[in-house]
Each structure stands twice: as structure tokens, then as C-alpha cells.
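Colleague: My questions all concern the structure below.
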Amino acid sequence: MIAVYKSTACRVIRRVSLALCRRLPRYVHLPTEAECTIIKHKFRQASGIPGIVGCIDGTHVRIQAPSEHEYLYVNRKGYHSINVQIVCDANYSIFNLVARWPGSTHDARILRESQLSNIFEAGGINGILLGDSGYPLKRWLMTPIVAPRTQQERRYNTIHATTRSTVERCIGVLKRRFHCLHWEIRMHPERVCTVIATCIVLHNMCIAKRIPLPRQNRLPMPEEDDPVFPLGRFEDVSGRLVRAHIVDNL
């Protein structure tokens, strides 16, 4: 217990959060070419799939019902949230964050309208991401095969799921390190997004400095997967060719 007014604590937290958010580009940024090479090697050792630079997923942070556009923040599970896009590497370091969309927004739309999609489409990063079936198949974004027919396709799905669980474990580590992301944050959505970004910066600092989780949180479990939605109609030809090549060479 500390003898300070609640309003004073709120002001201090707000100032610290804004200060850390200003350092977001330093701690959350796309990997360089040399860093991509290291990431690809680690993922290749774990999965056998070449060229993986990261895993992508969305996670919901619960918020109180906002006074404006309340219905937009109701996600498919029926509670109010911010839908946060996270991309991490093999070490659970987060290198892309989008924390501004209301909970009703689908993961695929968040990615489509993000700068990350534009960078990969333009060839700014030489590598591929792994995502669940809620994302469209792209030449740079590999998703599971919805209806595998051969042993190779089933093996691909198994390896894909095992490797993509990296981002689920990363989110588990993040939420166990910062318990405020587990419960309802009673702030305006804009301020909630600031808190989320602050937690991401601190998370990456902890990863860089190898700070362990508290003892009671040493074994973070992956987040429970949301049901995925087959988006085969959005699979482009180049994505199918890349995935078929991966399947054939496993």
C-alpha cells in the first residue's frame, strides 16, 4: 500500500504510459534482413518450413462499454473489447502491433488495412508469416489447408499448427506478465490502446533483457483458439502455389 490519491496514481500511470509509447518504434519494429535470417533459421530448425519470419494472430482485450459506438466494440463472444493484431518471432519478441480496432472487426480486415500487409505485398520483407484460417492465403501468409486430402497435407497442417502456436504462447506470456490485459480495463478505448502499447514495449524489454516471468507464472499456456472461418474464396493463386511447394517439400 502507498499513501497516494487514486487520481494522482492515474496521472502518473498516464504520463509513464505516454512516455513508453513514444519509444514504441525503438522496441517494436520490423526485423532487419540480418535479423530475418536468424529468425528463419530458428523457425526452420523447429518446423522444417523454410522462410518463416513470424507468426500472426489477434487477441481481444476486454474493456468497459464505451459511451460512443458501443455496438462496434462487441465481439462475437458478446463482450466489449479491442481486437489487437500481434506478430512475433521465434523468441516471443513482438515486431508488429496494431491496437486500435474495435472488437467486432475481423482479423483479416485488420491485416488487410495495416501497413504490414502493404510492406509484404511490396516485397519489403523476404519471408512468410503463419496465420490461422481466419486470414486469407497469400504468397507471404501461409494458412492451414481447410480440407486436407493427402498424408503430406495433413502433415503440413500439423507442423503449421505447432509452429503457429508460438504466437499463442507469446500472447499467453504477455497477458500473464501484465494481468491488466486479462481483465476488463475501465478506460476510454483510446487510453486502453495506449495501455496495450505500453505493455508490448515492456514485454519486448523483458524479452531483450531475458527477465523471467514471476515464479507463479513460469509456465504460460497458449491462449484458447477462436473458431476459424474457411476463407478459401480469398486464396490467391500465388499463395496456393507457394503452399503447394512447401507441402511437396516437407
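The values are calculated or read from the model by the stated rules, or taken from the named source; none is laboratory data. Nothing here was measured: the structure is a model prediction, and the numbers come from that model. For neighbour counting, all protein chains shown are included, and Cβ atoms are generated from backbone atoms with ideal geometry for every residue, glycine included.
Colleague: Given the criteria without any contact (Cβ under 8 Å) to a residue 40 or more places away in the chain, out of contact with any Phe, Trp or Tyr (no Cβ under 7 Å at 6 or more places or on another chain), closer than 28 Å to Ile159 by Cβ and crowded, with 17+ Cβ neighbours inside 10 Å, does Val53 qualify? Give the steps one after another, and end with the answer.
Modeller: Working: without any contact (Cβ under 8 Å) to a residue 40 or more places away in the chain: no; out of contact with any Phe, Trp or Tyr (no Cβ under 7 Å at 6 or more places or on another chain): yes; closer than 28 Å to Ile159 by Cβ: yes; crowded, with 17+ Cβ neighbours inside 10 Å: yes.
No: the conditions fail for Val53.
Colleague: Within segment 149-200, track down each residue that is under 30 Å from Arg44 (Cβ atoms) and of a type in the set (Ser, Thr, Tyr).
Modeller: Passing the criteria: Thr150, Tyr156, Thr158, Thr162, Thr163, Ser165, Thr166.
Colleague: Would you check which residues across segment 81-140 are out of contact with any helix residue (DSSP H, G or I) (no Cβ under 9 Å at 6 or more places or on another chain), under 18 Å from Ala197 (Cα atoms) and part of a loop (DSSP other than H, G, I, E, B) and list them?
Modeller: Ser114
Colleague: Could I ask something else about it? Right, Leu24: at pLDDT 95 or above, in contact with a strand residue (DSSP E or B) (Cβ under 9 Å, 6 or more places away or on another chain) and surrounded by fewer than 18 Cβ atoms within 10 Å (Cβ to Cβ) or not?
Modeller: Working: at pLDDT 95 or above: no; in contact with a strand residue (DSSP E or B) (Cβ under 9 Å, 6 or more places away or on another chain): yes; surrounded by fewer than 18 Cβ atoms within 10 Å (Cβ to Cβ): yes.
In short, no.
Colleague: At pLDDT 70 or above, under 22 Å from His29 (Cα atoms) and not basic (Lys, Arg): which single residue out of Leu213, Leu241, Leu202 fits that description? Write out each step before concluding.
Modeller: Working: Leu213 fails: under 22 Å from His29 (Cα atoms); Leu241 fails: under 22 Å from His29 (Cα atoms).
Testing whether each residue is at pLDDT 70 or above, under 22 Å from His29 (Cα atoms) and not basic (Lys, Arg) leaves just Leu202.
Colleague: Within segment 24-36, can one find any residue that is of a type in the set (Ser, Thr, Tyr) and over 20 Å from Asn204 (Cα atoms)?
Modeller: Applying the first criterion (of a type in the set (Ser, Thr, Tyr)) to segment 24-36 yields 27, 32.
If we keep only those that are over 20 Å from Asn204 (Cα atoms) as well, we get none.
The answer is no, given that none of the residues of segment 24-36 is of a type in the set (Ser, Thr, Tyr) and over 20 Å from Asn204 (Cα atoms).
Colleague: Looking at segment 63-97 only, could you name the residues that are out of contact with any Gly (no Cβ under 7 Å at 6 or more places or on another chain) and either buried (at least 19 other Cβ atoms within 10 Å of the Cβ) or over 18 Å from Ile185 (Cβ atoms) (or both)?
Modeller: Restricting attention to segment 63-97, the residues satisfying the condition of being out of contact with any Gly (no Cβ under 7 Å at 6 or more places or on another chain) are 63-72, 76-79, 86, 90-94, 96-97.
Listed by number, the residues that qualify are Ile63, Tyr71, Arg76, Ile86, Ala90, Asn91, Tyr92, Ser93, Ile94, Asn96, Leu97.
Colleague: Right, another one. Report yes if Tyr79 is in contact (Cβ under 8 Å) with a residue 24 or more places away in the chain and not small (Gly, Ala, Ser), otherwise no. Even if it seems obvious, please write down each step before you answer.
Modeller: Numbers: in contact (Cβ under 8 Å) with a residue 24 or more places away in the chain: yes; not small (Gly, Ala, Ser): yes.
Against the criterion (in contact (Cβ under 8 Å) with a residue 24 or more places away in the chain and not small (Gly, Ala, Ser)), Tyr79 qualifies.
Colleague: Going residue by residue through segment 217-228, is there one that turns out to be touching a helix residue (DSSP H, G or I) at 6+ places or on another chain (Cβ under 9 Å), modelled with pLDDT under 95, part of a helix (DSSP H, G or I) and not small (Gly, Ala, Ser)?
Modeller: Yes, segment 217-228 contains at least one residue that is touching a helix residue (DSSP H, G or I) at 6+ places or on another chain (Cβ under 9 Å), modelled with pLDDT under 95, part of a helix (DSSP H, G or I) and not small (Gly, Ala, Ser).
Colleague: Which residues, counting only those in segment 100-143, are small (Gly, Ala, Ser), crowded, with 21+ Cβ neighbours inside 10 Å and within 19 Å of Ile246 (Cα to Cα)?
Modeller: So the first thing to find is which residues in segment 100-143 are small (Gly, Ala, Ser), and the list is 103-104, 108, 114, 117, 122-124, 127, 131, 133-134.
Add one more test, that the residue is crowded, with 21+ Cβ neighbours inside 10 Å, and what stays is 103, 131.
Passing the criteria: only Gly131.
Colleague: Here's something else I'd like to know. Of the conditions (1) of a type outside the set (Lys, Arg); (2) closer than 25 Å to His245 by Cα; (3) not in a strand (DSSP E or B), Ile56 fails just one. Which one is it?
Modeller: (3)
Colleague: Applying the selection to segment 76-119, what residues are among the hydroxyl-bearing types (Ser, Thr, Tyr) and more than 15 Å from Lys138 (Cβ to Cβ)? Can you show your working first?
Modeller: Taking segment 76-119 as the starting set, the residues that turn out to be among the hydroxyl-bearing types (Ser, Thr, Tyr) are 79, 81, 92-93, 104-105, 114, 117.
Tyr79, Ser81, Tyr92, Ser93, Ser104, Thr105 - these are the residues of segment 76-119 that are among the hydroxyl-bearing types (Ser, Thr, Tyr) and more than 15 Å from Lys138 (Cβ to Cβ).
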